[in-house]
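Single-structure report; data block below.
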Amino acid sequence: MNSLVKNKDYVTLMVAQTVSSIGDWLSIVAVITLVGLKWNASPMEVSFIILCLALPMALFGPVAGTVADRLNRKWLMIASDLVRAGLILILTIADSLMVVYACLFIVGAFSAIFIPAKNGMLKELVTDSDMKSAMAITSMIDSSTKVIGPLLSGLLVAALGAKLVFFIDSGTFLLSALFIAFLPKSQSIITGTFSEKPSFKNEFSQGVRYVKSNASLLIGLFFLGISLLIVQLSDSQLIVLLRELTQVSPDLFGYLVASSGIGMFLSGLYLAKKTDYQSFSFMMIGVCGIGLSFGMMAVLTYFDIGLSLVWGPIFGVLAGFSVSFVFVPFQATVQVDTPVHMTGRVFGVINSVTTTATIIGPLLGGWLSTMIGVIPTFMMTASLLVLLAVTGYFTKSKQKWRKSHVSESQQGTHGKATSEHN
């Protein structure tokens, strides 16, 4: 971890990520405030705001990853920041929902390019031995901005108004681009003359084939996507669950969000120091931890237990701590195992899978909560997550047994052949 602190280029990239992440939260809260309060938009119209930001990631993730591998990653990130800065400024003069949706959709599209480009640059700047710590620190930054961003945005919107916050948000993207400009020139990803370069279609296919051919990556991505889909069934309905309590503080939801961010930060701090872990095992521990926290919140809500301001944040910390156990080890392993020239495409596929889960999950969760009730939905989510963790554990154990069995068989065959030869 000390070597990362001394890595000036890595520190610069993390500063840029911090500034950009805070800016993301500023714009989301400001847009929802503008559309939801001043324009009196319907619940469905408000939900389209998040959809417009997430949908491009799901649709264009793999393609954006290919772009990040073909072009200079440093300049891609700078261009993405500059375009998003301009689009946020358009929101200051937006006078209709369609303008807002269009701007946010394009912002989401350029974010889809920025993320795999950033992950590719991270691969260039950090050695494999430091990658687990680097990904943990990235998680700590994300969790910190999750707590600081909405709080800061709420204060700024209240003090200055939504439109002025858009100017500040645009400035954060410009500042991020300025920091990225100080990074070293990105490695040449594709060599040769223009006519010798493989086609975009072939490169895209290579990325998909690489993910399919890597058994560990494919299994990890499968469990990551399924667990995230299951989590979103209930995570999106948390405010509905809290309404079931007889005595509930109006601030409880905010405390839960903040406590989950604190849990993610603590988990990231732990993972940054402890790097000799088995990634898949930690992922399954995290999946189980989320299931237990959701299950306990459902049980305590069912029995209408008081002191929700105490037990709510406690399980929020556990859930956030567990979430980092799922994401950080997986992403660190992918960074280490993936060749630098494939990083953008691989992370593009991963982002597409995870974003699709975050789109389908809330829709399905809302339907389930309507059909069977929010508490049964939480209990079902908890049971499925624990079952998934147990299944993943035995899947991994079986793989290890097979590898060991094959290795012993090969050694036995080799020994027998040697004996016969003698």
Qualifying position, being in a helix (DSSP H, G or I) and crowded, with 17+ Cβ neighbours inside 10 Å, among Ala41, Ala94, Ala109, Ala102: Ala109
Those residues of the range 18-35 which are within 18 Å of Asp142 (Cα to Cα) and modelled with pLDDT under 85, in sequence order: Ser20, Ser21, Ile22, Gly23, Asp24, Trp25, Leu26, Ser27, Ile28, Val29
Any hit, the range 80-90, residues being farther than 21 Å from Phe179 by Cβ, of a type outside the set (Phe, Trp, Tyr) and in the same structural domain as Lys123 (by TED's automatic domain parsing): yes
Pick from the range 292-312, criterion β-branched (Val, Ile, Thr) and assigned to a helix (DSSP H, G or I), ranking: surrounded by the fewest Cβ atoms within 10 Å (Cβ to Cβ): Val310
Test: Lys123 is at negative phi, not assigned by TED's automatic domain parsing to the domain that holds Tyr10 and not β-branched (Val, Ile, Thr): no
Residue count for the range 206-229, restricted to those that are closer than 20 Å to Gly365 by Cβ and without any contact (Cβ under 8 Å) to a residue 24 or more places away in the chain: 0
Filter result (within 13 Å of Ile22 (Cβ to Cβ) and modelled with pLDDT under 80) within the range 135-153: Asp142, Ser143, Ser144, Thr145, Lys146, Val147, Ile148, Gly149, Pro150, Leu151, Leu152, Ser153
Whichever residue in the range 219-239 is in contact with a Ser or Thr (Cβ under 6 Å, 6 or more places away or on another chain) and part of a helix (DSSP H, G or I) and, among such residues, is surrounded by the most Cβ atoms within 10 Å (Cβ to Cβ): Ser234
Any hit, the range 64-81, residues being farther than 27 Å from Ala134 by Cβ and assigned to a helix (DSSP H, G or I): no
Condition check for Glu203: at pLDDT below 70 and over 23 Å from Ala64 (Cβ atoms): no
Residue list for the range 269-309, filter: closer than 29 Å to Gly149 by Cα, small (Gly, Ala, Ser) and modelled with pLDDT of 85 or more: Gly286, Gly289, Gly291, Ser293, Gly295, Ala298, Ser308
From the options Ser324, Ser249, residue that is closer than 23 Å to Gly149 by Cβ, of a type in the set (Gly, Ala, Ser), crowded, with 23+ Cβ neighbours inside 10 Å and touching a residue at least 12 places away in the same chain (Cβ under 8 Å): Ser324
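Residue by residue, here is whether (1) crowded, with 20+ Cβ neighbours inside 10 Å; (2) touching a strand residue (DSSP E or B) at 6+ places or on another chain (Cβ under 8 Å); (3) at pLDDT below 80 holds:
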residue	(1), (2), (3)
Val349	yes, no, no
Thr356	no, no, no
Trp367	no, no, no
Pro376	no, no, no
Met379	no, no, no
Ala382	yes, no, no
Ser409	no, no, yes
His414	no, no, yes
Cβ pairs under 8 Å, 6+ apart, first in the range 1-28 and outside any helix (DSSP H, G or I), second of a type in the set (Asp, Glu): Met1/Asp130; Asn7/Asp130
Residue satisfying condition, being over 24 Å from Ser236 (Cβ atoms) and either in contact with a Cys (Cβ under 7 Å, 6 or more places away or on another chain) or in the same structural domain as Ala158 (by TED's automatic domain parsing) (or both), within set Val19, Val46: Val19
Any hit, the range 92-107, residues being within 28 Å of Leu269 (Cβ to Cβ), of a type in the set (Gly, Ala, Ser) and outside the structural domain of Ala272 (by TED's automatic domain parsing): no
Check on Ile190, modelled with pLDDT under 80, out of contact with any Gly (no Cβ under 7 Å at 6 or more places or on another chain) and of a type in the set (A, V, I, L, M, F, W, C): yes
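The values are calculated or read from the model by the stated rules, or taken from the named source; none is laboratory data. All values reported here derive from a predicted model rather than from experimental measurement. Every residue, glycine among them, receives a Cβ derived from its backbone with ideal geometry; neighbour counts consider all protein chains shown.
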